[in-house]
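The values are calculated or read from the model by the stated rules, or taken from the named source; none is laboratory data. Because the structure is predicted, anything quoted here is derived from the model rather than measured. With ideal geometry, Cβ positions are generated from the backbone for all residues, glycine too; neighbour counts draw on all protein chains shown.
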Amino acid sequence: MRTIVKGRNLDIPASDRRYAEEKLRRLERLLDDKTDVLVELSMENHRNPARSQIVEVTIVIDGQTVRGEGSAASHRAAIDDVMDKLERRALSHKRRPLLRRRAAATSKAAAAVNQQTADAGATEHEPQIVKTKRFAIEPMFEEDALSRMEELGHDFFIFVNAETEAVAVLYRRKDGNYGLIEPDAPESYTQRRPQR
């Protein structure tokens, strides 16, 4: 893993540079020698001083880019913040080929079963709901929802967005990217009705 730590319009103390490099070593078990990591530290005049130190990390894994950003009162705290996000994303990236192979095998098997059913002269009927599944929805950030979706190997994931406190649907697009569906309901629908 090749690592570059630099500052955007500021000089980085050697201790902060060493701290960033030490923290990034946690990712070495997930990444190979061909991986490039760029860590960029900056300061921003923010009305909340606890978020004025910013760390942006860009990782290029097999030609794909994984990014993370953290902000805190110090660069070290921001590095800690972004490292947690990046570990989840790097782990997700490492598992992704395995999950895609499983999904491809499953879809091929399903296509074969569908073809056999069609060949057997099954009568056509209207599509219907054949299964209902209930599960607890947890508040989480989009990055966490994406990691959870990848862990499960699903093409979509329903969650409560921790930032907006609204139900959202994360889904995989045909082009390999992701989409997010968020409700935009009028206030009359979102206001709670009194219990009877």
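What the table below lists for this structure:
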read-out: Residue within region 130-145 that is at pLDDT 80 or above and more than 28 Å from the chain's Cα centre (by Cα) present; value: yes
read-out: Region 35-46, residues that are modelled with pLDDT of 75 or more and farther than 20 Å from LYS6 by Cβ; value: ASN45
read-out: Count of region 61-78 residues which are within 17 Å of LYS6 (Cβ to Cβ), aliphatic (A, V, I, L, M) and out of contact with any Ser or Thr (no Cβ under 7 Å at 6 or more places or on another chain); value: 0
read-out: Number of the condition not met by ALA50 [criteria: (1) touching a Ser or Thr at 6+ places or on another chain (Cβ under 9 Å); (2) assigned to a strand (DSSP E or B); (3) not acidic (Asp, Glu)]; value: (2)
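Residue-by-condition table, conditions (1) part of a helix (DSSP H, G or I); (2) modelled with pLDDT under 85; (3) farther than 15 Å from ARG29 by Cα:
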position	(1), (2), (3)
ILE59	no, yes, no
THR65	no, yes, yes
ALA78	yes, no, yes
LEU91	yes, yes, no
LEU99	yes, yes, yes
